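Student: Got a structure for you, written out below as structure tokens; questions coming shortly.
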Amino acid sequence: MKTWARHSLAFLDSEKSGGIILACCTVLSLVLANVMFDGTYSHFWHLKLFSKPIEFWVNDGLMTIFFLQVGLEIEREVYVGELKHIKSALLPMLAAVGGMLAPAAIHFAFNHGIASQSGYGIPMATDIAFSLGVLSLLGNRVPLSLKIFLTALAIIDDLGAILLIAIFYSSDISWMYLGFALGIFVLLIALNRSAVQSLWVYVLPGCVMWFCMQRSGVHPTITGVLLAFTIPFKSGNEASPSTLLQHRLHWPVTFVILPLFALANTAVQFQHTTFSEETARNSLGIIIGLVLGKPVGILLFSWLGLKAGWCVLPHTLKLKHIFAVGTLAGIGFTMSIFIALLAFGDEELIHSSKVAVLTGSLISAIVGVLCLRAVVSKK
């Protein structure tokens with residue numbers, strides 16, 4: 001089996017188990033938040049550690065490592081995976097674009113002209129771990145090509161979310177610190193071109209780049225993606241720095257960082273949920289965007305790409321498979337909650353967004369399983 005195929009299967013397996021862990025952490029967090037009515041559990045994440053809340057170190061610090069892993073996976077797909085050949089890459093690319101634009105348009109339609117308008121990016125995201133975890137419930141009945149399609153779509157979706165965060169959810173730019181961060185990035189690119197292979201030569205300056213990016217006003221998690229594309233990939237074999245780092249990050253990201261993110265950001269107390277006009281319209285935009293916008297956008301843009309002859313559909317798949325897996329893409333969770341934290345400063349809007357993301361993701365998971373059971377045949 002080719003190296004890229006082995007890595008793809010390993011990635012799928014890790015995301016399945018990661019989805020189960022995320023689900024358990026989310027349930028635990030919700031239970032603790034609603035059992036401890038004095039808010040002890042929620043307040044824990046706001047305790048100061050080195051002058052910053054614990055929540056900050058999880059969301060801005062540890063999640064940078066998650067973005068580093070995402071960047072390494074995008075790099076692999078571009079060089080040796082599904083995104084290497086433009087013809088095969090265009091289908092998940094177009095599907096991802098449709099799956100981002102349609103939910104954003106739905107949210108914007110509900111929230112245009114009010115404070116919650118800035119949350120249009122929340123329903124645009126797909127959670128790789130949860131979506132693949134739910135897809136795995138159907139086992140070998142699901143064609144491998146459909147699993148690869150969902151993986152590629154979610155990876156491109158992550159790239160779109162990263163660009164969204166960098167362009168639209170950054171504020172009060174300090175051009176001096178941004179210049180320092182980009183200067184380090186250029187230096188690391190030069191080291192890559194000079195065939196420097198030591199990982200520490202990239203990681204240590206990467207930490208300084210994170211500090212500069214955090215001070216610049218651009219969200220520091222973007223550092224993870226920039227750093228990923230400076231680390232040498234070579235042929236992508238087992239000895240390449242990129243592959244080595246990707247392997248080393250799988251376990252801590254899947255079993256430590258993402259579970260901590262879920263624990264820190266899903267401590268939603270339902271008795272405190274209020275519904276003003278803004279929170280109600282925001283919630284509707286998120287839920288309908290995830291549940292309806294995602295599959296419709298993915299199907300529509302896939303159909304347009306196929307009709308125009310820009311891309312090809314794998315012989316084992318039909319458009320009904322694309323729609324069915326598109327419903328699973330409505331599982332937003334990690335990225336959706338992350339964008340909600342950046343989109344709003346108002347606690348009520350953040351709170352309602354989290355509830356809406358959880359609701360929309362749960363509905364998408366249930367509908368996705370039912371749709372997939374209807375379109376895939378038993379083996």
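The values are calculated or read from the model by the stated rules, or taken from the named source; none is laboratory data. As the structure is a prediction and not an experimental result, all values here were calculated from the model. A quick note on method: Cβ atoms are made from the backbone with ideal geometry, for glycine too, and the neighbour counts reach across all protein chains shown. Keep in mind that these areas ignore ligands, DNA and RNA; they rest on the heavy atoms of the full protein, side chains included. Shrake-Rupley method; radii C 1.70, N 1.55, O 1.52, S 1.80 Å.
Student: Please work out if Gly305 is in contact (Cβ under 8 Å) with a residue 24 or more places away in the chain and farther than 23 Å from Ala129 by Cβ.
Tutor: So Gly305 passes the test.
Student: Could you pull out the residue among Leu290, Leu299 that is touching a residue at least 24 places away in the same chain (Cβ under 8 Å) and touching a Phe, Trp or Tyr at 6+ places or on another chain (Cβ under 9 Å)?
Tutor: Leu299
Student: Moving on to the next point. Being open to solvent by 10 Å² or more (accessible area, probe 1.4 Å) and either among the acidic types (Asp, Glu) or touching a Leu at 6+ places or on another chain (Cβ under 7 Å) (or both) is the filter here; which residues of the stretch 335-360 pass it?
Tutor: Answer for the stretch 335-360, where residues must be open to solvent by 10 Å² or more (accessible area, probe 1.4 Å) and either among the acidic types (Asp, Glu) or touching a Leu at 6+ places or on another chain (Cβ under 7 Å) (or both): Asp346, Glu347, Glu348, Ile350.
Student: Collect the residues in the stretch 204-234 that are farther than 25 Å from Leu342 by Cβ, over 22 Å from the mean Cα position of the chain (by Cα) and not charged (D, E, K, R), keeping them in residue-number order.
Tutor: Leu204, Pro205, Pro232, Phe233
Student: Give all pairs with beta carbons closer than 6 Å in which a residue from the stretch 242-266 that is closer than 25 Å to His351 by Cα meets a residue that is surrounded by 20 or more Cβ atoms within 10 Å (Cβ to Cβ) and of a type in the set (Ser, Thr, Tyr); count only pairs at least 6 apart in sequence or on separate chains.
Tutor: Filtered contacts from the stretch 242-266: Ala262/Thr26; Leu263/Ser29; Thr266/Thr26; Thr266/Ser29.
Student: Could you say whether any residue in the stretch 84-92 is at pLDDT below 95, under 22 Å from Ile339 (Cβ atoms) and touching a helix residue (DSSP H, G or I) at 6+ places or on another chain (Cβ under 7 Å)? So that I can check it myself, show each step before the final result.
Tutor: Taking the stretch 84-92 and keeping what is at pLDDT below 95, we get 84-92.
Checking which are under 22 Å from Ile339 (Cβ atoms) leaves us with 92.
The next check asks that each one be touching a helix residue (DSSP H, G or I) at 6+ places or on another chain (Cβ under 7 Å); those that pass are 92.
Yes.
Student: Which of the residues belonging to the stretch 222-252 are over 11 Å from Ile65 (Cα atoms) and either buried (at least 23 other Cβ atoms within 10 Å of the Cβ) or of a type in the set (S, T, N, Q) (or both)?
Tutor: Leu226, Thr230, Ile231, Ser235, Asn237, Ser240, Ser242, Thr243 - these are the residues of the stretch 222-252 that are over 11 Å from Ile65 (Cα atoms) and either buried (at least 23 other Cβ atoms within 10 Å of the Cβ) or of a type in the set (S, T, N, Q) (or both).
Student: Please go through the stretch 4-41 and pick out each residue that is more than 22 Å from the chain's Cα centre (by Cα), at pLDDT 60 or above and part of a helix (DSSP H, G or I).
Tutor: Val31, Leu32, Ala33, Asn34, Val35, Thr40, Tyr41
Student: Kindly indicate the residue of the stretch 163-196 that is of a type outside the set (Gly, Ala, Ser) and not in a helix (DSSP H, G or I) and also nearest to Leu90 (Cα to Cα) among those meeting that condition.
Tutor: In this case the residue turns out to be Tyr169.
Student: Go through the stretch 197-231 and give me each residue that's assigned to a loop (DSSP other than H, G, I, E, B), of a type outside the set (Gly, Ala, Ser) and farther than 22 Å from Asp158 by Cβ. Lay out the reasoning, then the answer.
Tutor: First pass over the stretch 197-231, keeping only residues assigned to a loop (DSSP other than H, G, I, E, B): 197-199, 217-221, 229-231.
Still in the list and also of a type outside the set (Gly, Ala, Ser): 197, 199, 218-221, 229-231.
Matches in the stretch 197-231: Gln197, Leu199.
Student: Here is a follow-up. So if I check each of Gly326, Gly309, Gly332, Gly305, which one is open to solvent by less than 10 Å² (accessible area, probe 1.4 Å) and either over 20 Å from the mean Cα position of the chain (by Cα) or among the aromatic types (Phe, Trp, Tyr) (or both)? Before the answer, list the steps.
Tutor: Working: Gly326 fails: either over 20 Å from the mean Cα position of the chain (by Cα) or among the aromatic types (Phe, Trp, Tyr) (or both); Gly309 fails: open to solvent by less than 10 Å² (accessible area, probe 1.4 Å); Gly332 fails: either over 20 Å from the mean Cα position of the chain (by Cα) or among the aromatic types (Phe, Trp, Tyr) (or both).
Within the list Gly326, Gly309, Gly332, Gly305, the selection yields Gly305.
Student: Quick check on this structure: which one of Phe50, Phe56 is hydrophobic (A, V, I, L, M, F, W, C), open to solvent by less than 80 Å² (accessible area, probe 1.4 Å) and within 26 Å of Cys207 (Cα to Cα)?
Tutor: Phe56 is the lone residue from the list that is hydrophobic (A, V, I, L, M, F, W, C), open to solvent by less than 80 Å² (accessible area, probe 1.4 Å) and within 26 Å of Cys207 (Cα to Cα).
Student: Being farther than 18 Å from Met335 by Cβ, aliphatic (A, V, I, L, M) and open to solvent by less than 40 Å² (accessible area, probe 1.4 Å) is the filter here; which residues of the stretch 15-47 pass it?
Tutor: Selection gives Leu30, Ala33.
Student: With respect to Gly160, is the statement that it is open to solvent by 10 Å² or more (accessible area, probe 1.4 Å), of a type in the set (Gly, Ala, Ser), modelled with pLDDT of 80 or more and in a helix (DSSP H, G or I) true?
Tutor: Yes, satisfied.
Student: Does Val312 count as touching a Phe, Trp or Tyr at 6+ places or on another chain (Cβ under 9 Å) and hydrophobic (A, V, I, L, M, F, W, C)?
Tutor: The answer is no for Val312.
Student: Looking at this structure, is Phe44 more than 30 Å from Ala239 (Cβ to Cβ) and at pLDDT 75 or above?
Tutor: Judged against the criteria, Phe44 is a match.
Student: If you don't mind, another one. Please enumerate the residues belonging to the stretch 104-127 that are part of a helix (DSSP H, G or I), touching a residue at least 12 places away in the same chain (Cβ under 8 Å) and open to solvent by 20 Å² or more (accessible area, probe 1.4 Å).
Tutor: Ala105, Ile106, Phe108, Ala109, Phe110, Ala115, Ser118, Tyr120, Met124, listed by residue number.
Student: Tell me yes or no: at least one residue of the stretch 128-139 is under 30 Å from Ser276 (Cβ atoms) and modelled with pLDDT under 85.
Tutor: Of the residues in the stretch 128-139, the ones under 30 Å from Ser276 (Cβ atoms) are 130.
Then drop every residue that is not modelled with pLDDT under 85, which leaves 130.
Yes, the conditions are met somewhere in the stretch 128-139.
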